[in-house]
Amino acid sequence: MPQHQMPELRPQNYLDERPAADFQEFHERSRTHPAGWIYELVRLILTPIALLIYRCRAISVPNVPGDGPLILAPNHFSNMDHFFAGVFLRRKIRFMGKSQLFRQNRILDYILLIGGVFPVRRGHRDEEAFKTAHAILDNGGCLLIYAEGGRSRSGKLGDPRPGVGRLALESGVPVVPVAIHGSQSVRAWKRLVFPKVTVQYGEPLVLDRVAAPTREQQLEASTEIFDRVRSMYVALEENGRKGVVTALQARGQRVASSQVQTGRKPSRA
């Protein structure tokens, strides 16, 4: 995306100096309760916006398991990415949000609390956030964690951070790489510019479980996951939505033909 078309973003505050105790209420509820009625209300409100205004469409939704513990690992350009990633899924996605969103006002806190969002204290090694993430996965939940750790502010894909790799290695649960293309310009709605957004779900990836992975192992795992995100994103950038769908259909036909020739039954998509 040309730099001159990038919407202006507020300066980031990467350090939250408030004590961890301020956020314990959100962790405790997230560990024991699923996302509540607010999740469905927000989905109801934002689905028409995503589908009609941003013409959001999904590719390879069946790659996302319908139940069981799961990590979704998308790239991140916009605050709408949470909703773009979840609008096509029946599952309720749990989100790890920056702590600066919390304790701003009671209404927002209630929305986040009942909506299933929990905080991660930026600028700290926040073990409470990982404890909550593991509790959600232990309960069979679906957790979204951005591979880049936060929003890319350049309009281009950023670099992977170790968080998603750590969680994938420690939990051993499937990770679905997710490419979200087009959401860089979501903020341009103020100029009546509404980008076309595409969400592509990659094939699940399961990494060998490591009880206490080193930072190098975490980053290596994150890189492996994000390489898949990057590959899908580049294909969408170069070939467009229709081109990617056509290529996937051709690939599926080749796989089915190969399985028939070898006497194997075609696998289910």
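The values are calculated or read from the model by the stated rules, or taken from the named source; none is laboratory data. Everything numeric here is computed off the predicted structure, so don't read it as measured data. Ideal geometry is used to build each Cβ from the backbone, glycine not excepted, and the neighbour counts take in all protein chains shown. Ligands, DNA and RNA are stripped out before the accessible areas are found, and what is left, the full protein with its side chains, is counted by its heavy atoms. Shrake-Rupley method; radii C 1.70, N 1.55, O 1.52, S 1.80 Å.
Some notes on this structure:
- Residue among Phe88, Phe84 that alone is over 17 Å from Leu137 (Cα atoms) and buried (at least 20 other Cβ atoms within 10 Å of the Cβ): Phe84
- Among the conditions (1) among the β-branched types (Val, Ile, Thr); (2) under 30 Å from Leu137 (Cβ atoms); (3) modelled with pLDDT under 90, the only one that Val197 does not satisfy is (3).
- Residue check: Ala211 meets all listed conditions (1) at pLDDT 95 or above; (2) open to solvent by 40 Å² or more (accessible area, probe 1.4 Å) but one, namely (1).
- Test: Arg94 is within 14 Å of the chain's Cα centre (by Cα), assigned to a loop (DSSP other than H, G, I, E, B) and either among the aromatic types (Phe, Trp, Tyr) or crowded, with 16+ Cβ neighbours inside 10 Å (or both): no
- When each of Leu219, Leu207 is tested for being in a loop (DSSP other than H, G, I, E, B) and free of Cβ contacts under 8 Å to residues at least 60 places away in the same chain, the lone residue that passes is Leu207.
- Counted residues, region 82-108 - those being touching a residue at least 12 places away in the same chain (Cβ under 8 Å) and more than 15 Å from Thr47 (Cβ to Cβ): 10
- Reported count of residues in region 113-155, each being farther than 22 Å from Val186 by Cα and surrounded by 15 or more Cβ atoms within 10 Å (Cβ to Cβ), is 22.
- Within region 50-60, none of the residues are in contact (Cβ under 8 Å) with a residue 40 or more places away in the chain, under 19 Å from Gly149 (Cβ atoms) and open to solvent by less than 70 Å² (accessible area, probe 1.4 Å).
- Matching entry among Val210, Val234, Val206 (being of a type in the set (Val, Ile, Thr) and over 13 Å from Leu167 (Cα atoms)): Val234
- Test: residue in region 172-187 that is in a loop (DSSP other than H, G, I, E, B), surrounded by fewer than 24 Cβ atoms within 10 Å (Cβ to Cβ) and in contact with a helix residue (DSSP H, G or I) (Cβ under 7 Å, 6 or more places away or on another chain): yes
- Residue pairs whose Cβ atoms lie under 9 Å apart, separated by 6 or more positions or on different chains, with the first residue in region 109-120 and farther than 20 Å from Lys131 by Cβ and the second among the aliphatic types (A, V, I, L, M) and part of a strand (DSSP E or B), are Ile111/Val117.
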